[in-house]
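Below: one structure, written as structure tokens.
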Amino acid sequence: MRIDAVTLFPDLVSQVTQWGVTGRASEQGLLQLVCWNPRDYARDRHRTVDDRPYGGGPGMVMKVEPLRAAMHEARASAPGRSLSLYLSPQGRRLDQAAVERLAGQERLLLVCGRYEGIDERVIATEIDEEISIGDYVLSGGELPAMVLIDAVARLIPGALGHADSASEDSFSAGLLDYPHYTRPEVLDGMAVPAVLLSGDHDAIGRWRRQQALGRSWLRRPDLINRAQLSTEDRRLLDEYIDEYRS
Ligand SMILES: CC(C)(C)c1cccc(C(=O)NCC2(NC(=O)c3cccc4nocc34)CCCCC2)c1
């Protein structure tokens, strides 16, 4: 999958192709990330990339021409149509369903804001979707872009080795993860749940499902309401709730 990122900090965004699963996906040619810096398209002597806001007020706005030139160069640099996304607090909240939809695109163009943001007319004419990763104040759209790249890259066929894919099971079913344990068997007097040492893989599977259901019910009831629960799921969850309330 080809992803182009328009950013004033290409060295920051390109770090996502240097490490871990996304690093390997990039190494294997499954993910191709190219960064484009508006500063390289600033034609004045000072290579200006910000501009003053109409209406006055604090801060600056990303200068239109270098930004648009970088976007146009990015689009023209490879075949295929890019879905153009502006990472923005005004955007639709990113969730796994959106990630799955975006992973199906042949190309993504990610625009990262800095200063107070970008000109609204650039959004109106050049951006297909605004996407937000959450409600907190950030310094730029680069970390959100890297979050999106990570989430999308994991869905590229072949990107996840076996060791990585386990955690997809419960969440891709839209639930929180069951608790994980590893050595030692007793840590500061706290023992691993006995079922996990039993070797009874059916019991272990049921226990993990019940934990995923129960923890989702406790911490993220919104996920439970959206999940498609089987009758066995309902039984496991009811048993968890009875125990929790007893
Ligand atoms: C949400 C909240 C707190 C009410 C809010 C309200 C108003 C402004 C901001 C804010 O952070 N402005 C700065 C800015 N943020 C982002 O780009 C950004 C932030 C959060 C999630 C994101 N997902 O993608 C991009 C995201 C970076 C500099 C260029 C202008 C945007 C926040």
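Helix-derived [θ] at 222 nm for the chain: sum -39500 (n - 2.57) over DSSP H runs of at least 4, divide by residue count, nearest 500?
Calculated at 222 nm, the ellipticity per residue is -11500 deg cm²/dmol.
Under 12 Å from the Cβ of Ile149, count the other residues' Cβ atoms, weight Lys and Arg +1, Asp and Glu -1, and hand me the total.
Around Ile149, the charge tally is -1.
Can you tell me the Rg and the Dmax, both Å, for the Cα atoms in segment 49-164?
15.4, 55
Run the 1.4 Å probe and let me know the accessible area of His72, rounded to the nearest 10 Å².
Accessible area, nearest 10 Å²: 90 Å².
Size of the chain along its principal axes in angstrom, Cα-based, largest extent first?
Projected onto its principal axes, the Cα set of the chain covers 70, 41, 38 Å.
Compute the signed sum of charges (Lys and Arg +1, Asp and Glu -1) over the other residues within less than 15 Å, Cβ to Cβ, of Glu239.
+2
Could you work out the relative contact order of segment 53-174? I mean the mean sequence separation of Cα pairs under 8 Å and 6+ apart, divided by the number of residues, in percent.
31 percent
Determine by what factor the alpha-carbon radius of gyration of segment 1-81 differs from 2.2 N^0.38 Å, reporting the quotient.
Ratio of Cα Rg to 2.2 N^0.38 Å: 1.32.
Once amide H atoms are placed 1.01 Å from N in the peptide plane, what residues at a sequence separation of 5 or more from Val6, or on another chain, have their amide H within under 5 Å of its amide H?
For Val6, whose amide H was placed from the backbone, the distant partners under 5 Å are Trp36, Leu110, Val111, Cys112.
Using unit Cβ charges (K, R positive; D, E negative) and no other charged atoms, how large, in debye to the nearest 20, is the dipole of segment 199-246 about its Cα centre? The partial results should precede the final answer.
Values: 10 positive and 9 negative charges, 58 e Å.
Once rounded to the nearest 20, the dipole reads 280 debye.
Most fluctuating residue of Ser198, Ser26, Ser14 in a GNM of the chain with Cα springs under 10 Å: which is it?
Looking only at Ser198, Ser26, Ser14, the biggest GNM fluctuation is shown by Ser198.
Give the dimensionless ratio obtained when the Cα radius of gyration of segment 1-40 is divided by 2.2 N^0.38 Å.
1.15
So, counting K/R as plus one and D/E as minus one, what does the shell of residues with Cβ under 11 Å around Ser77 add up to?
Local net charge: +1.
Sorting check: for 51-57, 148-154, which peptide has the highest mean count of neighbouring beta carbons within 10 Å, and how do the rest follow?
Values: 51-57: 9.9, 148-154: 21.7.
Highest to lowest by the protection proxy: 148-154, 51-57.
Where Rh denotes the Kirkwood radius from the mean inverse Cα pair distance, what is Rg over Rh for segment 69-118?
1.00
Using the C-alpha atoms of segment 143-246, what convex hull volume per residue, in cubic angstrom, is computed?
In segment 143-246, the Cα hull volume divided by residue count equals 167 Å³.
Ordered by residue, what ³J(HN,Hα) values in Hz, to whole numbers, does segment 87-102 give under the Karplus form 6.51 cos²θ - 1.76 cosθ + 1.60, where θ = phi - 60° and Gly and Pro are x?
So the J values, rounded to whole Hz, are 6, 7, x, 7, x, 6, 5, 6, 9, 4, 5, 5, 4, 4, 5, 5.
The values are calculated or read from the model by the stated rules, or taken from the named source; none is laboratory data. For clarity, every value in this text was computed on a predicted model and none was experimentally measured. When we count neighbours, we look across all protein chains shown, and the Cβ atoms used for this are built from the backbone with ideal geometry, even at glycine. The area values use the complete protein model at the heavy-atom level, side chains included, leaving out ligands, DNA and RNA. Shrake-Rupley method; radii C 1.70, N 1.55, O 1.52, S 1.80 Å.
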